[in-house]
Amino acid sequence: MRVLQSQPIWERARMSILRARGFGADALVSHQPHIYNRLRMDASRIAAELGPFLSAPLTEAQIAAVSSYMDLLLRWNARVNLTAIRDPNEMLTRHFGESIFAAQYLFPGSQAAASGHLIDLGSGAGFPGLPIKIWAPELRVTLIESNQKKATFLREVVRSLKLTGVEVFVGRAESYVGDRGDVVTLRAVERFEQALPTAAGLVAPGGRLALLIGGAQFERAEQLAAGFKWEKPVAIPLSEARVLAFGSHAG
């Protein structure tokens, strides 16, 4: 990589460390008065970092999609607060790893055969909805996000990755009047106790509610969505407290 002379010594040192950890990088000058670096994690590193979350390896196309998504997230997050996580490795494991882990439980077996309608409530930066779409490309996905800037980012990811069958609904979930979801996902949302009953109301009869939550929240989830039959939560890899919980609609 060609290093700009104006780049601080500490930043050059940080780049050396990142390259040693498996990143490639090229300099990108933003429209802001400062300079930041666009980091693209190579395919082997992505596969290694996501390994603990996978029951089957990702395809080359899926790894490429994750890499492009990561690149967009790093660049946008420098200007828009999409996630509090800044470390690329932690972004990969916490956001992509958890999401794809959920995808494998929701849609086991052939990824190509997975179908239906998934609604991701409070999608934020697209997790878990968009990685699930990358895992199961035939899914129809609705991302519900009330924040306009985050919704704009979601549309950019969909456009850049050339994803089809994805709708970004900008507004509160209570205003959504589209089809109910065969699967509704909820992860890391504010006001959990208000959001969970809303999510439950979006599940079609016979559908499922999937939660990526802290283990301590599961008992409360059972109470808030009492009309669902809940399975035993599954521990998320590399986490001491987070779980994946499934509830089936009794209707």
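The values are calculated or read from the model by the stated rules, or taken from the named source; none is laboratory data. Owing to the predicted nature of the structure, the values given are computational and were not obtained by experimental measurement. All Cβ positions, glycine included, derive from the backbone under ideal geometry; neighbour counts span all protein chains shown.
Descriptive notes on the structure:
- The set of residues from the stretch 149-178 being in contact with a strand residue (DSSP E or B) (Cβ under 6 Å, 6 or more places away or on another chain) and on the phi < 0 side of the Ramachandran plot comprises 151, 154, 155, 158, 166, 167, 168, 169, 173, 176.
- Note on the stretch 111-171: enclosed strands (runs of 3 or more DSSP E) holding 3 or more residues that are farther than 17 Å from residue 98 by Cα and modelled with pLDDT of 95 or more are 140-145, 166-170.
- Number of residues in the stretch 197-233 that are under 18 Å from the mean Cα position of the chain (by Cα) and either among the β-branched types (Val, Ile, Thr) or farther than 22 Å from residue 133 by Cα (or both): the value is 2.
- Within the stretch 47-63, tally of residues that are crowded, with 16+ Cβ neighbours inside 10 Å, assigned to a helix (DSSP H, G or I) and touching a residue at least 40 places away in the same chain (Cβ under 8 Å): 4
Residue-by-condition table, conditions (1) under 30 Å from residue 241 (Cβ atoms); (2) modelled with pLDDT of 50 or more:
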position: 10; (1), (2): no, no
position: 16; (1), (2): no, yes
position: 25; (1), (2): no, no
position: 32; (1), (2): no, no
position: 72; (1), (2): yes, yes
position: 76; (1), (2): yes, yes
position: 86; (1), (2): yes, yes
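- Restricting attention to the stretch 198-213, the residues that are in a helix (DSSP H, G or I) and either over 22 Å from residue 100 (Cβ atoms) or among the basic types (Lys, Arg) (or both) add up to 3.
- A single entry from 180, 172, 159, 140 fulfils the requirement of being loosely packed, with under 15 Cβ neighbours inside 10 Å and either touching a residue at least 12 places away in the same chain (Cβ under 8 Å) or of a type in the set (Asp, Glu) (or both): 172.
- For the stretch 198-251, the set of residues classified as β-branched (Val, Ile, Thr) and closer than 30 Å to residue 90 by Cα consists of 198, 213, 234, 236, 243, listed by residue number.
- For the stretch 73-92, a residue qualifies if it is touching a residue at least 40 places away in the same chain (Cβ under 8 Å) and either surrounded by 20 or more Cβ atoms within 10 Å (Cβ to Cβ) or not in a helix (DSSP H, G or I) (or both), and the qualifying residues are 73, 78, 79, 80, 82, 83, 88, 92.
- Test: residue in the stretch 124-133 that is more than 18 Å from the chain's Cα centre (by Cα) and without any contact (Cβ under 8 Å) to a residue 60 or more places away in the chain: no
- Condition check for residue 239 on (1) assigned to a strand (DSSP E or B); (2) under 24 Å from residue 55 (Cα atoms): one failure, at (1).
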